[in-house]
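One structure is given here, and the rest of the page talks about it.
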């Protein structure tokens with residue numbers, strides 16, 4: 001049985017992706033990423049300091065992330081979290097996920113006693129915002145490090161690989177790559193996968209939303225995610241060609 005997707009996508013097809021570097025002029029890394037109708041601005045800024053828990057590790061840097069949805073990112077307005085002074089549990093969980101993922105790119109001992117902050121602001125949301133944030137922030141990370149090297153702050157590149165992320169869902173007996181919001185809300189199983197360019201896993205998040213899933217289901221979903229991530233990493237590399 002055929003599964004009908006928006007824009008006549010096949011079940012194994014990514015949405016249309018566009019990655020625009022240097023989208024703003026003030027941040028040392030600035031990437032605007034479009035994943036279908038999901039738009040995220042990923043910026044990187046550098047602070048010449050590290051959190052207290054890192055200060056015992058001499059000349060070791062830190063990488064962290066913040067994530068936020070703008071009030072009109074979805075069809076129902078959400079409150080601006082910074083105004084009300086309290087971040088939602090969802091945003092907190094997502095930004096930790098992004099931070100862990102981006103840190104996996106780095107040898108922090110080569111970064112010096114400084115922090116790179118990644119801010120991922122969702123301008124428009126149609127599913128896959130955390131995955132798009134990671135995929136875009138990866139490019140912002142390369143630009144931030146280029147700034148540090150070009151200006152003599154560090155001598156050696158602390159980044160050792162590309163990373164990207166994608167969602168996979170299971171609806172009935174169908175597996176769907178890179179789900180939009182409607183698919184994400186109605187899937188039986190939901191998975192987010194982060195991998196590097198060498199095919200190694202950074203993180204896997206999988207949930208049986210409406211039904212349980214087998215080991216075979218999980219393996220099939222991971223294989224599909226790997227195929228999608230390989231294509232995303234090729235798109236990332238094209239940004240620098």
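The values are calculated or read from the model by the stated rules, or taken from the named source; none is laboratory data. Being a predicted model, the structure only gives us computed values, none of them experimental. Quick reminder, even Gly has a Cβ in these numbers, built from the backbone with ideal geometry, and neighbours come from all protein chains shown.
Brief remarks follow.
- Residue-level check: of (1) on the phi > 0 side of the Ramachandran plot; (2) surrounded by fewer than 20 Cβ atoms within 10 Å (Cβ to Cβ), residue 207 misses just (1).
- Within the set 96, 103, the sole residue that is under 16 Å from residue 163 (Cβ atoms) and touching a residue at least 40 places away in the same chain (Cβ under 8 Å) turns out to be 103.
- Candidate set from region 174-204 (those that are over 13 Å from residue 222 (Cα atoms) and part of a strand (DSSP E or B)); member that is modelled with the lowest pLDDT: 174
- The single condition among (1) over 22 Å from residue 226 (Cα atoms); (2) surrounded by 21 or more Cβ atoms within 10 Å (Cβ to Cβ) that residue 141 does not meet is (1).
- Lone unmet requirement of (1) within 12 Å of the chain's Cα centre (by Cα); (2) within 18 Å of residue 202 (Cβ to Cβ) for residue 63: (1)
- Summed over region 186-197, residues that are over 18 Å from residue 134 (Cα atoms) and without any contact (Cβ under 8 Å) to a residue 24 or more places away in the chain total 2.
- One residue from 34, 56 being touching a residue at least 12 places away in the same chain (Cβ under 8 Å) and more than 19 Å from residue 145 (Cβ to Cβ): 34
- Residue 120 being in contact (Cβ under 8 Å) with a residue 60 or more places away in the chain and in a strand (DSSP E or B): yes
- In the condition set (1) in contact (Cβ under 8 Å) with a residue 12 or more places away in the chain; (2) not in a loop (DSSP other than H, G, I, E, B), residue 127 is compliant with all but (2).
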